[in-house]
1. Which cross-chain or sequence-distant (5 or more) residues have an amide H under 5 Å from the amide H of B:Arg69, H modelled 1.01 Å from N in plane?
2. Other chains near A:125-136: what is the mean number of their Cβ atoms within 10 Å of each residue's Cβ?
3. Using the Karplus equation 6.51 cos²θ - 1.76 cosθ + 1.60 (θ = phi - 60°), what ³J(HN,Hα) coupling, rounded to whole Hz, does each residue of region A:176-184 give in order, writing x for Gly and Pro?
4. So what's the gap between the Cα centers of region A:165-217 and region A:32-64, to the nearest angstrom?
5. Using a cut-off of 10 Å between beta-carbons, work out the net charge of the residues near B:Phe249 (Lys and Arg +1, Asp and Glu -1, B:Phe249 not included).
6. If you bin the C-alpha pair distances of chain B every 10 Å from 0, what whole percents do you get?
7. Taking each residue of A:112-122 in turn, how many C-beta atoms of other protein chains fall within 10 Å of its C-beta, and what is the average?
8. Within chain B, what whole-number % of the accessible surface is contributed by carbon and sulfur, with the 1.4 Å probe and all protein chains included in the calculation?
Amino acid sequence: MDWDWSYTGDILPDLLKGLRYTVVATLVGYVIAVVLGMVWALLRRTPFRIVNEAVRWVTEFIRSTPLLVQLFFIYNVLPAWGFKLSSLAAGIIGLGVHYSTYTAEVYRAGIADVPKGQWEAATALNLPTSRVWLDVILPQAFRRTIPTLGNYLIAMFKDSPLLLAINVAELLGAAFKVGSDSLKFLEPITLVGLLFVAVSVPSSIMIRRLERRYATN
Amino acid sequence: MPPTDTTPETPTPEEAEGPSLEKGAKTQSAAAPLPRGSTPGIRFEKVVKRFGRNVVLRELDFSVAPGERVTLIGPSGSGKTTILRLLMTLEKLDEGLIWIGDQTLWHMDKGGKRVPANQKHLHEMRKQVGMVFQQFNLFPNMNVRRNLTEGPVRVLGVSKDEADERARKLLDLVGLADKIDAHPSQLSGGQQQRVAIARALAMEPNVLLLDEVTSALDPELVVGVQDLLRDIARESDLTMLCVTHEMHFAKDISDRVLMFDQGQIVEEGPPDQIFGEPAEQRTRDFLQAVLAS
Ligand SMILES: Nc1ncnc2c1ncn2[C@@H]1O[C@H](COP(=O)(O)OP(=O)(O)OP(=O)(O)O)[C@@H](O)[C@H]1O
Ligand SMILES: [Mg+2]
């Protein structure tokens, strides 16, 4: 089995197009995960028992079922109830919602880590609840969560090939398609690996850098 | 406070070159943004506070006159911090009443009935009270300026420029005018505590609560903070409640000392009497223990 360079050149544009889907799905999904996770974390702190118990169970449930099953559910089951989504939209929502249950835990821990004295100083200054959260607690909690949140971005990126299962033309899907057409899989699948490394290694380095910057001051 | 011992008519050369803190306080005194005017007194009426089964305050009664400086002393666990925290609404009151001026802190009037306070009432009442903590508790995500303006802007509705101006004056007062753009992590403990004092004053409270504000400081930084508080006590008519183990300091700033044990007042009187000739054995034992440490 020899490496075919001209074949490699032919399929590269298709693969890069796939990579674009992968990156878009990851980034948009990440925004959903980061925002929705905060919503979960805040809802869990509301004084309403029913709300925070419900949120606890829902997030626990999502976290303990496989992403693949959730993707099939969103893409194949929800349409029966009238929610029809494109495969890409379903994939993005699946990724985002799944990972929001992880980021919610990160936020929860970050908030719990803010020293009690900060809450007390905020009370002593008589700050209204909204200001206590926006100006005092969340900025401090958020800073503590940056390294972990960065790691989840990379984890989501690496989980994105699962979107292939619901026909998203992402990188692995694209590779699989060109491979099936020509019955040559060595080059496309190897390229998939290389492209993933090409994106995630620089991202990791950037995240480490961010981490160091926020850890030092 | 008699001003005699702390403000000599003719400053000695030593004093003229004293620490910036001292100078700042002096030159600023006319324009010093310290509250003056009528301040309310405080009254505890049969106050009960429990933590689980542990009854920390058992029908405690005491009052503090408007503008009076009272120091609370007593062994560890006697309830001193709890008293201040109840006043700052950091702990919930179990029974009894706490009065600030002619209003109850933890209760409000509703159709002629006294009902537990809602958030709005607590918010109104808290405007009169400020607290300085042992661990400073500055907001590390804000610079010094923002630490001092956050409350005035967000709570008192002061304009940003005005709050900035006040922050500058207060930093002058505490001798840290050059640190306005610094972050708390760049300051020494003593500097942080002085900023924390300025932050409390920026809210223009009538009652200032000080809970062992120098006990987390390195010994050489204690004096600066104490001098500042002496100045504030002299220049303002704040009602002050202070917990401290530093007897010289307590003597200087307080009109009256309350000795607590197990949530009860064992003995009270002017500082000279309590520290000089305590009547109660428990007070003598406590003072001896403090001196020994
Ligand atoms: N959050 C809490 N939960 C349970 N018990 C508490 C709590 N805070 C205080 N206590 C208890 O209340 C009692 C009084 O505590 P407090 O902190 O008021 O004492 P203190 O006089 O300030 O002591 P110290 O000189 O050590 O600061 C102690 O027995 C303490 O264990
Ligand atoms: Mg205490």
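The values are calculated or read from the model by the stated rules, or taken from the named source; none is laboratory data. From a predicted model like this one, the values you see are computed outputs, not experimental measurements. With ideal geometry, Cβ positions are generated from the backbone for all residues, glycine too; neighbour counts draw on all protein chains shown. Keep in mind that these areas ignore ligands, DNA and RNA; they rest on the heavy atoms of the full protein, side chains included. Shrake-Rupley method; radii C 1.70, N 1.55, O 1.52, S 1.80 Å.
1. Sorted by chain and number, the residues that satisfy this are B:Met240, B:Asp255, B:Arg256.
2. For this peptide, the per-residue mean of nearby foreign Cβ atoms is 5.
3. Ordered by residue, 3J(HN,Hα) equals 4, 5, 5, x, 5, 4, 10, 6, 10 Hz.
4. Each part reduced to its Cα centre gives a spacing of 31 Å.
5. -1
6. Whole-percent P(r) values from 0 Å outward: 6, 27, 35, 24, 8, 1, 0.
7. That works out to 4 on average.
8. The nonpolar share, carbon plus sulfur, comes to 47 percent.
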